[in-house]
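Have a look at the structure below, then the notes.
The values are calculated or read from the model by the stated rules, or taken from the named source; none is laboratory data. Fair warning: this is a prediction, and the values are worked out from it, not measured in the lab. Note that each Cβ is placed from the backbone with ideal geometry, even for glycine, and that neighbours are counted across all protein chains shown. These area figures cover heavy atoms from the full protein model, side chains too; ligands, DNA and RNA do not enter into them. Shrake-Rupley method; radii C 1.70, N 1.55, O 1.52, S 1.80 Å.
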Amino acid sequence: MEYFVQQLINGLTLGSIYGLIAIGYTMVYGIIGMINFAHGDVFMIGAFIALAMFLILTTVFGFVFLPVVLLIVLIVAMIFTSAWGWTVERLAYRPLRGSFRLAPLITAIGMSIVLQNFVQITQGARVKPLPPQIQGGITLMEGGANSISVQLSYMQIIIILTTIVLMAGFTLLITRTSLGRAQRACEQDRKMAALLGINVDRTISLTFVMGAALAAVAGLMFLLLYGVIDFYIGFLAGVKAFTAAVLGGIGSLPGAMLGGLLIGLIEVFWSGYFSVEYKDVAAFSILAIVLIFLPSGLLGQPEVEKV
Amino acid sequence: MSEQKNPLLSVRGVETYYGNIVALRGVDMDVHRGEIVTMIGANGAGKSTLMMTICGDPRARNGQIVYDGVDITQMPTHEIVSLGIAQSPEGRRIFPRMTVMENLQMGAALVDPEFFDEDLAKVFKLFPRLKERISQRGGTLSGGEQQMLAIARALMSRPKLLLLDEPSLGLAPLIVKQIFDAIRELNEKEGLTVFLVEQNAFHALKLAHRGYVMVNGNVTMSGTGAELLKKEEVRAAYLEGGRH
Ligand SMILES: Nc1ncnc2c1ncn2[C@@H]1O[C@H](COP(=O)(O)OP(=O)(O)O)[C@@H](O)[C@H]1O
Ligand SMILES: [Mg+2]
């Protein structure tokens with residue numbers, strides 16, 4: 001029982017990170033019908049920028065008050081990834097809008113390779129460590145003679161709470177504001193949105209920017225949680241977040257959140273009860289199974305007929 | 001009215017292509033302030049293409065479109081409509097997964113929010129049915145309700161020129177009458193200028209002050225609604241056997 005609860009907590013933490021990345025996949029897919037394969041790498045540079053910024057602030061400028069440092073790190077990482085998301089859309093995807101469907105997919109893979117190699121060359125292929133910054137936690141259940149004690153670390157609390165706040169805010173943004181409405185309108189009928197005065201290109205750019213900013217948050221969380229990053233984390237996390245988006249129903253915002261949590265839970269329980277070596281295989285198998293048996297996902301809308 | 005000097009909309013020699021296929025072969029037409037003008041023509045004549053070309057999508061390859069003194073031929077769609085043109089397009093294009101309310105809010109995207117409640121009350125007065133459906137999703141409305149919503153959504157942008165593409169298509173005669181009455185009312189009471197494209201020539205010509213006939217991407221005839229209704233060619237091609 002204790003073991004189960006502990007895995008549940010770990011799974012929700014990991015799932016929060018996947019969910020935040022998955023939102024970027026699902027929103028971009030929703031609005032332009034394209035899988036942005038470079039999105040996982042945006043998460044990766046988010047983590048690298050966060051690490052660099054963290055080291056600059058603490059060693060060069062001698063900042064010590066952790067909350068302020070983390071806030072600045074987060075903002076800077078979000079600004080950089082947003083700028084990157086905007087640039088990629090502008091340079092690699094927009095010129096191909098209206099060409100055959102595979103074209104932007106190919107440039108997306110190209111952008112992903114460019115980013116990975118850039119980071120590999122400039123930062124090296126070895127993992128970059130960050131010593132644990134936020135330690136300690138709460139003991140939820142005391143371990144007995146034949147059970148472990150259940151720990152909820154402060155880091156986990158921060159990650160889960162931040163994710164809840166971001167997702168609530170984001171849901172409000174999409175469902176209640178005129179920007180969110182414009183995004184949904186572009187998703188459903190771009191031509192009509194333009195006829196109503198919506199600047200479709202700008203709305204699409206903003207969608208990339210939002211997805212990238214959330215990926216930066218996930219990158220910082222990953223860095224703080226695991227303490228090591230390398231140029232390859234974007235690929236694995238990206239595929240899992242993409243799986244999460246597909247599982248939840250690609251294009252659906254609540255679906256991405258739910259899918260993220262489920263993938264996090266599945267991965268953690270799989271490692272906990274079966275085998276750690278095959279945890280990535282679990283995620284990929286789910287992707288295959290969902291694509292075959294449930295292509296519109298758990299919360300995806302089947303296409304509504306247009307009369 | 002056609003003697004007026006500055007038309008609200010003037011289309012000159014407009015040619016539009018889909019790839020290499022020509023859809024408009026040099027269209028000339030005007031819409032003056034306060035008029036209801038109709039373009040009638042058979043399916044595939046190019047009526048919808050003209051409507052969309054006015055809004056910049058597809059763009060005219062040759063010719064010029066001037067709206068309210070501004071050359072809009074090369075402008076992006078969202079800037080053209082921001083000048084006061086609203087379109088209820090072919091197929092209505094209601095956002096299917098948005099509620100009636102949200103569709104109307106989209107219509108008001110460019111308008112100062114301070115006018116929203118007032119404008120909403122106005123379109124509900126025009127189409128009371130929409131008020132009953134306010135939180136229903138657009139995709140679940142009946143065809144007639146969708147058409148009303150498409151027009152209402154266009155009106156929410158406070159247009160000076162309303163473009164209507166076949167508002168009667170596929171609707172029961174009673175609903176068609178409701179919609180045409182609403183158009184007449186808007187024109188008479190608010191002075192709204194309307195450009196209406198129709199296959200339903202009889203109703204359109206009775207409603208309109210002036211009309212044009214389009215055949216295969218060319219404007220072949222023009223005149224007042226009453227004149228066109230009397231013309232033998234018009235009667236033969238668009239009215240006989242199809243009298244409503
Ligand atoms: N998206 C399109 N791509 C290619 N050809 C089109 C497209 N839309 C319309 N056409 C062609 O352009 C011509 C005019 O069509 P349209 O403007 O829809 O006529 P109407 O509205 O009068 O029925 C037709 O021959 C039609 O097949
Ligand atoms: Mg048409």
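Annotations for the structure displayed:
- Among residues of the stretch B:23-51, those that are over 22 Å from B:F180 (Cβ atoms), in contact (Cβ under 8 Å) with a residue 60 or more places away in the chain and away from ligand 2 (no atom under 16 Å from the Cβ), counted: 3
- Failed item, numbered, when B:Q136 is tested on (1) in the same structural domain as B:T224 (by TED's automatic domain parsing); (2) more than 14 Å from the chain's Cα centre (by Cα): (1)
- Scope the stretch B:192-206; condition more than 13 Å from ligand 1 (Cβ to nearest atom) and modelled with pLDDT of 95 or more; matching residues: B:L192, B:T193, B:V194, B:F195
- Scanning the stretch A:71-82 for residues that are closer than 16 Å to A:A52 by Cβ and touching a helix residue (DSSP H, G or I) at 6+ places or on another chain (Cβ under 8 Å) yields A:I72, A:V73, A:L74, A:V76, A:A77, A:M78, A:F80, A:T81.
- Hey, B:V215 of a type in the set (A, V, I, L, M, F, W, C), farther than 26 Å from A:Q188 by Cβ and open to solvent by less than 10 Å² (accessible area, probe 1.4 Å) or not: no
- Scanning the stretch A:168-208 for residues that are among the polar types (S, T, N, Q) and over 23 Å from the mean Cα position of the chain (by Cα) turns up A:S178, A:Q188, A:N199.
- Boolean, A:F63 is more than 13 Å from A:N36 (Cβ to Cβ) and not in a helix (DSSP H, G or I): yes
- Single unsatisfied condition, B:A154 versus (1) away from ligand 1 (no atom under 16 Å from the Cβ); (2) surrounded by 22 or more Cβ atoms within 10 Å (Cβ to Cβ); (3) in the same structural domain as B:L8 (by TED's automatic domain parsing): (3)
- If the condition is being acidic (D, E) and open to solvent by 10 Å² or more (accessible area, probe 1.4 Å), then the stretch B:17-47 contributes B:D28, B:D30.
- Number of positions in the stretch B:136-195 that are at positive phi and within 16 Å of ligand 2 (Cβ to nearest atom): 2
- Residue count for the stretch A:197-224 satisfying the condition of being of a type in the set (V, I, T), open to solvent by 10 Å² or more (accessible area, probe 1.4 Å) and touching an Asp or Glu at 6+ places or on another chain (Cβ under 9 Å): 1.
- Qualifying position, being of a type outside the set (D, E), under 12 Å from A:A22 (Cβ atoms) and within 16 Å of the chain's Cα centre (by Cα), among A:G297, A:G255, A:G219, A:G234: A:G255
- Of all residues in the stretch A:270-288, those satisfying the criterion of being open to solvent by 40 Å² or more (accessible area, probe 1.4 Å) and of a type in the set (A, V, I, L, M, F, W, C) are A:W270, A:F274, A:V276, A:V281, A:F284, A:A288.
- Any chance A:L152 is open to solvent by 20 Å² or more (accessible area, probe 1.4 Å) and under 20 Å from A:G259 (Cβ atoms): no
- Exactly one residue out of A:L91, A:L96, A:L102 is surrounded by fewer than 19 Cβ atoms within 10 Å (Cβ to Cβ) and closer than 21 Å to A:A213 by Cα: that is A:L91.
- Just one of the numbered conditions (1) within 13 Å of ligand 1 (Cβ to nearest atom); (2) at negative phi is not true of B:G44: (2).
- Those residues of the stretch B:51-79 which are among the hydrophobic types (A, V, I, L, M, F, W, C), within 9 Å of chain A (Cβ to nearest Cβ) and touching a helix residue (DSSP H, G or I) at 6+ places or on another chain (Cβ under 8 Å), in sequence order: B:C55
- Every condition in (1) surrounded by 16 or more Cβ atoms within 10 Å (Cβ to Cβ); (2) over 16 Å from B:T220 (Cβ atoms); (3) of a type in the set (S, T, N, Q) is met by B:Q74 except one, and the failing one is (1).
- Search result, residues across the stretch A:162-195 that are facing chain B (nearest Cβ under 7 Å) and touching a Ser or Thr at 6+ places or on another chain (Cβ under 7 Å): A:A182, A:A194, A:L195
- Residue count for the stretch A:274-298, restricted to those that are part of a helix (DSSP H, G or I) and either closer than 19 Å to A:G30 by Cβ or in contact (Cβ under 8 Å) with a residue 40 or more places away in the chain (or both): 7.
- Among the residues listed as B:M29, B:M75, B:M101, B:M106, the single one being at pLDDT 95 or above, within 16 Å of ligand 1 (Cβ to nearest atom) and either farther than 25 Å from B:H203 by Cβ or not acidic (D, E) (or both): B:M29
- Hits in the stretch B:100-119 (condition: under 20 Å from the mean Cα position of the chain (by Cα), under 23 Å from B:R184 (Cα atoms) and in a helix (DSSP H, G or I)): B:L104, B:G107, B:D119
- Subset of the stretch B:80-91 [crowded, with 18+ Cβ neighbours inside 10 Å, within 8 Å of chain A (Cβ to nearest Cβ) and either within 16 Å of ligand 2 (Cβ to nearest atom) or not hydrophobic (A, V, I, L, M, F, W, C) (or both)]: B:Q87, B:P89
- Taken over the stretch B:92-110, the residue count meeting the criterion of being at positive phi and more than 7 Å from chain A (Cβ to nearest Cβ) is 1.
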